[in-house]
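See structure below.
Throughout, read-outs are computed from the coordinates displayed, never taken from laboratory work. Everything numeric in this text was worked out from a predicted model, so none of it was measured. Here Cβ is always computed from backbone atoms with ideal geometry, including for glycine, and neighbour counts include all displayed protein chains.
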DNA sequence: TTAAACTTTCAAAATATTTTGAAAGTTTAT
DNA sequence: ATAAACTTTCAAAATATTTTGAAAGTTTAA
């Protein structure tokens with residue numbers, strides 16, 4: 001396979017994976033493109049390569065910056081903005097975990113905590129089932145939360161080392 | 001908060017979370033409803049409670065069965081089909097992990113393996129960056145894969161015990 | 001067989017999400 | 001102050017996803 005073809009394949013695959021996980025396909029594709037590009041790229045170059053509009057490129061890049069995955073770079077003497085993606089996969093994974101925790105896990109845990117407090121007749125099967133499901137899901141969510149917290153602090157080698165040692 | 005209100009809240013929250021993770025909102029809601037319901041429910045009851053059409057209910061239930069989260073139950077002497085969801089949260093988590101691994105992680109690993117094989121000029125920065133990103137992501141994906149495999153085999157208490165012991 | 005009871009299908013409609021692109025906004029150089 | 005170079009905005013258009021519901025299909029009982 002040619003490098004150019006391989007790049008296309010990767011961008012496509014990454015976009016598909018993203019959309020399956022609730023991430024806008026274009027956003028995943030722009031990120032993929034930046035990941036396999038050694039230099040910074042301009043909005044113009046991204047529009048051109050991925051065949052997307054200026055507005056779309058601009059918004060997507062802003063989102064990626066909001067996710068902490070891409071940074072804006074300025075070159076001395078130039079008006080244009082350049083964009084660059086951190087290539088460290090462990091940093092990327094952590095950054096995504098961090099943001100999704102903040103945006104999605106934290107809010108659901110807050111709701112589950114609320115719902116855990118609901119009182120009811122101890123012998124009412126309706127209440128018993130509700131309560132058991134809520135408290136169990138809450139426990140699971142909190143375990144995931146703790147694990148993510150550890151991951152966020154950890155070094156990659158230590159993290160996988162510990163994990164795979166235990167789980168071997 | 002009243003139990004009835006709490007149920008509504010949970011169904012809503014679960015639907016929202018699902019849609020943020022690439023799971024159809026209605027599917028997540030039907031699952032939520034079954035999770036907090038002690039008895040089996042008929043298509044009719046699900047349609048009524050969630051205010052969805054027969055076609056939607058039917059397709060969603062088939063999907064949930066396909067994900068291994070819901071089972072069809074027949075009652076002797078009755079024509080109607082009843083639906084029931086396993087309430088064991090650990091089983092649910094494992095089942096979801098298992099399906100997503102099969103549907104999404106496995107295919108992307110297959111593509112990454114392909115892309116890792118692409119040959120190029122060792123000093124070409126384009127090639128070097130592409131290659132590094134691909135191989136790094138591939139390694140990460142394989143670590144996740146191994147961890148999921150362990151999770152799929154494991155008992156809940158052992159899994160979290162080991163994890164939290166190491167990460168404390 | 002027939003018909004009642006129930007489930008499944010799928011084209012069309014509704015809804016939600018994403019994308020476009022031209023206009024408005026901003027910054028810098030002269 | 002003006003204009004060129006660039007970025008941002010956002011209403012409308014395009015696209016994608018989800019939902020509907022009536023018709024077709026299936027199963028069972030009599």
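Using only C-alpha positions, report the orientation-averaged shadow area of the convex hull of the protein assembly as shown, nm², one decimal. Kindly include the intermediate steps, with their values, before the conclusion.
On the way: hull surface 85.9 nm².
It is 21.5 nm².
Using r as the Cβ-Cβ distance of residue B:103 and residue A:58, and R0 as 35 Å, what FRET efficiency do you calculate, to the nearest 0.05?
Efficiency, from the Cβ-Cβ distance: 0.60.
Could you tell me how many degrees, from 0 to 90 and to the nearest 10, lie between the Cα long axis of helix A:156-167 and the main elongation axis, the longest principal axis, of the Cα atoms of chain A?
40 degrees
Which whole-number percent is the relative contact order of segment A:89-167 (Cα, under 8 Å, 6+ apart)?
41 percent
At what distance in nm do the modelled label points of residue A:145 and residue B:79 sit from each other, each positioned 7 Å from its Cα along Cα→Cβ?
Simple spin-label model gives 4.9 nm for this pair.
Given the rotation relating A and B, tell me which residue in A puts its Cβ closest to the axis and the distance in Å.
A:22, 2
Which distance in Å, rounded to a whole number, links the C-alpha centroids of segment B:105-135 and segment A:68-125?
Centre-to-centre distance over Cα atoms comes out at 28 Å.
Against the longest principal axis of chain A, how steep is helix A:3-20, in degrees 0 to 90 to the nearest 10, with axes from Cα atoms?
30 degrees
Using a label position 7 Å from Cα in the Cα→Cβ direction, what is the ascending list of nm distances from residue B:95 to the same site in the other copies?
3.6
Treating only the Cα positions of chain B as identical point scatterers, give the base-10 log of I(q)/I(0) from the Debye formula at each q in 0.13 Å⁻¹.
-0.80
At residue A:116, label 7 Å along Cα→Cβ: distances to the other copies, nm, ascending?
4.0
Within 10 Å of each Cβ in B:6-13, how many Cβ atoms from other chains are there, averaged over the peptide?
For this peptide, the per-residue mean of nearby foreign Cβ atoms is 5.
Using helices alone, what [θ] at 222 nm do you get for chain B, with -39,500 (n - 2.57) per DSSP H run of 4 or more residues, divided over all residues and rounded to the nearest 500? Please report the intermediate quantities before stating the final value.
On the way: 8 runs with 114 residues, N = 168.
For chain B, the value works out to -22000 deg cm²/dmol.
Using bins 10 angstrom wide from zero, how does P(r) for segment B:89-167 break down, in % of all Cα pairs?
The percentages, shortest bin first, are 17, 36, 25, 15, 7, 0.
Using only alpha carbon pairs under 8 Å that are at least six residues apart, calculate the relative contact order of chain A and give it in whole percent.
Relative contact order here is 14 percent.
Computed FRET efficiency, Cβ-Cβ of residue B:124 and residue B:72, R0 35 Å: what is it to the nearest 0.05?
0.05
Give the whole-number value, in cubic angstrom per residue, of the convex hull volume spanned by the C-alpha atoms of segment A:3-85.
It is 88 Å³ per residue.
Please work out the FRET efficiency for the pair residue B:49 and residue A:95, using the Cβ-Cβ distance as r and a Förster radius of 41 Å; give the result to the nearest 0.05.
So the FRET efficiency works out to roughly 0.55.
Can you list the distances in nanometres, one decimal and ascending, from the residue B:42 label point to the identical position in each other copy, with the point 7 Å along Cα to Cβ?
Computed spacing set for this position: 6.7 nm.
Helix B:125-153 against the longest principal axis of chain B: what's the angle in degrees, Cα atoms only, rounded to the nearest 10?
The two axes meet at around 40 degrees.
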